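Asker: Please read through the structure below; I'll follow up with questions.
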DNA sequence: TATTAAAAGATAATAATTATCCTTTAAGTT
DNA sequence: AACTTAAAGGATAATTATTATCTTTTAATA
Ligand SMILES: [Mn+2]
Ligand SMILES: [Mn+2]
Ligand SMILES: [Zn+2]
Ligand SMILES: [Zn+2]
């Protein structure tokens, strides 16, 4: 029983081999699309149904065990839920990297000028990574 | 010949009645989904094809005449291209509002810590608007 | 080990998007 | 103002993405 078993159960998700492998794929890749996840899963479960992928992704989303990241001009990717963070994407090689940025002052400015009570933020930056420059 | 005719042509898009109306719908609504756009268009062109909507949205995107806005947990919406801006969404009533925020310092921090050459940013804030609080 | 609700797999159904083909038309050209 | 033509529109088929249904299997608990 590895540590993911426990974490899945904490989210009221049965720790099936398929889910453990999805979790592993998410952990290993950091961010993964449905399509790529299916490919990865097929290597371990040669007859896994695509429906199983979708059902689990949706259940995991509902349980807030994972989160969707919507990237401009790209297919959505999914990641294990962690502390709030931003993303930075390389237009050239496609790398998706987590980045911790302090948005406090931006958010407080936004709250002031909009009169919104702001609860969440999603920031995606894009450009070229060191390698691709 | 209204002003949109000119702007469409500047983007190498023929100024058809359908495109003028799409443009008008985008202007009027600010941000609109494919589904809602189709509904709006049907009122003016009772036999417009959904394919026409998709084809035009894609052509307009390629021409950078419009842009897609991907909102967490929502369907994508489209808007006329304008100066870079952020978005703030009300979880309760669904309002999508433009907001101009200065992200310079956030971006320069990000550039420094990631070694990326950052070209674009997409920030979406969410919470509850004044009315819904 | 037995029980059972939930999950997996197969596959049908639906929704979203794109492709094809034929007709119409915007935008130049005469 | 009529002529030409590449592009656009409409109808609809095809493809892709996602969800629903149903039967079998299994994780979790007793
Ligand atoms: Mn991330
Ligand atoms: Mn906007
Ligand atoms: Zn790169
Ligand atoms: Zn509201």
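The values are calculated or read from the model by the stated rules, or taken from the named source; none is laboratory data. Since the model is a prediction, treat every value here as computed from it, not as a measurement. Virtual Cβ from ideal backbone geometry, glycine too; neighbours counted across all protein chains shown.
Asker: Which members of region A:38-68 meet the condition of being in a helix (DSSP H, G or I) and closer than 22 Å to residue B:74 by Cα?
Answerer: Taking region A:38-68 and keeping what is in a helix (DSSP H, G or I), we get A:38-44, A:50-62.
Those that are in a helix (DSSP H, G or I) and closer than 22 Å to residue B:74 by Cα: A:51, A:53, A:54, A:55, A:56, A:57, A:58, A:59, A:60, A:61, A:62.
Asker: Can you pull out every residue in region B:81-123 that is within 16 Å of ligand 1 (Cβ to nearest atom) and exposed (fewer than 15 other Cβ atoms within 10 Å of the Cβ)?
Answerer: Correct list: B:113 only.
Asker: If you check B:54, B:78, which single one turns out to be loosely packed, with under 15 Cβ neighbours inside 10 Å and more than 11 Å from chain A (Cβ to nearest Cβ)?
Answerer: Details: B:78 fails: loosely packed, with under 15 Cβ neighbours inside 10 Å.
Answer to the selection: B:54.
The rows are residues; the columns are (1) assigned by TED's automatic domain parsing to the domain that holds residue A:98; (2) within 16 Å of ligand 1 (Cβ to nearest atom); (3) under 14 Å from residue A:80 (Cα atoms).
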| position | (1), (2), (3) |
| --- | --- |
| A:25 | no, yes, yes |
| A:29 | no, yes, yes |
| A:40 | no, no, no |
| A:58 | no, no, yes |
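Asker: Go over the candidates A:71, A:32 one by one and state the one that is touching a residue at least 40 places away in the same chain (Cβ under 8 Å) and within 12 Å of chain B (Cβ to nearest Cβ).
Answerer: On the way: A:32 fails: within 12 Å of chain B (Cβ to nearest Cβ).
Sole residue among the options that is touching a residue at least 40 places away in the same chain (Cβ under 8 Å) and within 12 Å of chain B (Cβ to nearest Cβ): A:71.
Asker: Criterion first (modelled with pLDDT of 95 or more, within 16 Å of DNA strand D (Cβ to nearest atom) and on the phi > 0 side of the Ramachandran plot) does residue A:12 satisfy it? Step through it out loud before you land on a result.
Answerer: Numbers: modelled with pLDDT of 95 or more: yes; within 16 Å of DNA strand D (Cβ to nearest atom): yes; on the phi > 0 side of the Ramachandran plot: yes.
It is true that residue A:12 is modelled with pLDDT of 95 or more, within 16 Å of DNA strand D (Cβ to nearest atom) and on the phi > 0 side of the Ramachandran plot.
Asker: Additional query: Which of the residues spanning region B:1-32 are surrounded by fewer than 16 Cβ atoms within 10 Å (Cβ to Cβ), outside any helix (DSSP H, G or I) and in contact with a strand residue (DSSP E or B) (Cβ under 7 Å, 6 or more places away or on another chain)?
Answerer: Of everything in region B:1-32, just one residue is surrounded by fewer than 16 Cβ atoms within 10 Å (Cβ to Cβ), outside any helix (DSSP H, G or I) and in contact with a strand residue (DSSP E or B) (Cβ under 7 Å, 6 or more places away or on another chain), namely B:30.
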